[in-house]
1. Would you point out which residue out of Gly14, Gly51, Gly70, Gly44 is surrounded by fewer than 11 Cβ atoms within 10 Å (Cβ to Cβ) and within 11 Å of the ligand (Cβ to nearest atom)?
2. Please work out which one of (1) at pLDDT below 90; (2) surrounded by 12 or more Cβ atoms within 10 Å (Cβ to Cβ); (3) out of contact with any His (no Cβ under 6 Å at 6 or more places or on another chain) is the condition Arg38 fails and give its number.
Amino acid sequence: METSFERIAKNLTGKPAKYSRFVRFNKHKLQPHDLRFRRCIRCGRSEAHIGVHGLNYCRECFREVAKDLGFKKYGKEV
Ligand SMILES: [Zn+2]
């Protein structure tokens, strides 16, 4: 499907000055979430990412690795 950006850009092909200005101000800027750069370093999952303390694990891998990393559970152990 054609986006509104592509449609307007096509209409301005014969007008280079207007086209360059349109592209300069209306181009989609790449956001961090577009890249999905926050991924689990163990399984590659991008959802439920734990980045605190530079861990970069997903929630499931964190559960499995937490004990080896030195995280302790206080209170009642199930
Ligand atoms: Zn994972």
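1. Working: Gly14 fails: within 11 Å of the ligand (Cβ to nearest atom); Gly51 fails: within 11 Å of the ligand (Cβ to nearest atom); Gly70 fails: within 11 Å of the ligand (Cβ to nearest atom).
Of the residues listed, the single one that is surrounded by fewer than 11 Cβ atoms within 10 Å (Cβ to Cβ) and within 11 Å of the ligand (Cβ to nearest atom) is Gly44.
2. Result: Arg38 passes all but (3).
The values are calculated or read from the model by the stated rules, or taken from the named source; none is laboratory data. Computed from a prediction, not measured in an experiment: that's the story for all the values here. Counting neighbours? That spans all protein chains shown, and the Cβs are built from the backbone with ideal geometry, glycine included.
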